[in-house]
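Q: Attaching a single structure in structure tokens format; questions to follow.
FYI, it's all coordinate maths here, none of it is from the lab. On a predicted model such as this, the values are computed, not experimentally measured, just so you know. Reconstructed Cβ throughout: ideal geometry from the backbone, glycine too, with neighbour counts over all protein chains shown.
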Amino acid sequence: MRVSLFITCLADQIYPEVGESVVRLLHRYGCEVDFPQMQTCCGQPAYNSGYQDEAREVARSLIRAFEHSDYVVSPSGSCTGMVHHYYPQLFENEPEWKTKAEKLIGKTYEFSQFLVNVLGIKDLGAVYEGKATYHPSCHAMRLLGVREEPGELMAHIKGLELVELPRKEDCCGFGGTFAVKMADMSEAMVCEKAANVCATNADLLIGTDMGCLMNIGGRLNKENKPVRVMHLAQLLEEGVKRGERHGK
């Protein structure tokens, strides 16, 4: 199976280790992974700021980058949600590009979606002793409908105690440009989210979007809270390695 990695801006520039974990896990299950060098931003920051023409140009670049890919997999529900939910609207008056956008949508998946719904994998044989809580990011949950897949993957990690996050469906306050435009409100939201994370007494905070994890992790760090923040792909990869050592 040929898969193209859609790395996203945050993972590419700040959290490349997340992309590396995704690639190693896909290789483990027989996927041939490539990385189209043409890929850039999905256009979400421009779109959210009202610059639709600029967002449209960026979207064209992304469509071209993955035009010949069989599958496109991303460690971000937010960027994947932008493609799925807003690209048809961006090209509503351009039939040729709308068709190309719909083709991209049909083969683009958030990481946990791809593992569970395409590869049919829920149990990776991972082992991870610890107590974790999970933050479901807004765009993955509401735009893509990613609700069960992360939990199904974590439920099969031996030794992991998963504690439900209070008010888990509340936004963390990041929202990309929202955190800049509405800084005071954003701070209040992330403070509440961090307090809810701490209330679980979890050692780990797991998520599927680095924007949310960067925001919440930054707040936890500022408050000197000893909670490790990890993307789901990182947790699974570390768990697989521990499982292999445990098996030996």
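Q: Counting pairs of alpha carbon atoms under 8 Å apart in space and at least six apart in sequence, what relative contact order in percent does region 122-247 give? It would help to have the intermediate numbers written out before the result.
A: Numbers: 207 pairs, mean separation 43.3, N = 126.
Dividing the mean separation by the residue count of region 122-247 yields 34 percent.
Q: Also, quick follow-up: For a quick check: with amide H placed at 1.01 Å from N, whose amide H comes under 5 Å from residue 165's, ignoring anything fewer than 5 positions away on the same chain?
A: Amide H neighbours of residue 165: 134.
Q: Here is a further query. If packing is taken as the average number of other Cβ atoms within 10 Å across a peptide's residues, how do 219-225, 77-83 rank, most packed first?
A: Those peptides, ordered most packed to least, come out 77-83, 219-225.
Q: Using a 10 Å cut-off on Cβ atoms, rank the peptides 95-105, 10-20 from the highest mean neighbour count down.
A: The most tightly packed comes first, giving 10-20, 95-105.
Q: List the relative contact order of region 2-117 as a percent without decimals, with contacts defined as Cα pairs under 8 Å and 6+ residues apart.
A: After rounding, I find 29 percent.
Q: Given springs between every Cα pair under 10 Å in a Gaussian network model of the chain, which of 238, 94, 57 has the largest fluctuation?
A: Taking springs between Cα atoms under 10 Å, the residue moving most is 94.
Q: Which value in nm describes the separation of the simple spin-label points at residue 163 and residue 198, placed 7 Å from the Cα toward the beta carbon?
A: 1.3 nm
Q: Amide H neighbours of residue 42 under 5 Å, counting only residues 5+ apart in sequence or on other chains, H built in-plane at 1.01 Å?
A: Distant-sequence amide H within range of residue 42: 9.
Q: Normalised by the residues of region 180-248, what does the relative contact order come to in percent, with Cα pairs under 8 Å and at least six apart?
A: Computed value for region 180-248: 31 percent relative contact order.
Q: May I ask you to derive the FRET efficiency for residue 177 and residue 244 from their Cβ-Cβ distance with R0 = 51 Å, giving the value to the nearest 0.05?
A: Plugging the Cβ-Cβ distance into 1/(1 + (r/R0)^6) gives 0.75.
Q: Among 161, 192, 129, which one moves the most in a GNM of the chain with springs linking Cα atoms closer than 10 Å?
A: The residue with the greatest mean-square fluctuation here is 129.
Q: Between residue 184 and residue 99, what's the calculated FRET efficiency when r is the beta-carbon distance and R0 is 30 Å? Round to 0.05. Mind dumping the intermediate values first?
A: Numbers: r = 43 Å, r/R0 = 1.44.
That gives a FRET efficiency of 0.10.
Q: Quick one: which of 112-119, 195-202 comes out on top by average Cβ neighbours within 10 Å, and what's the full order, highest first?
A: The peptides rank, most packed first, as 112-119, 195-202.
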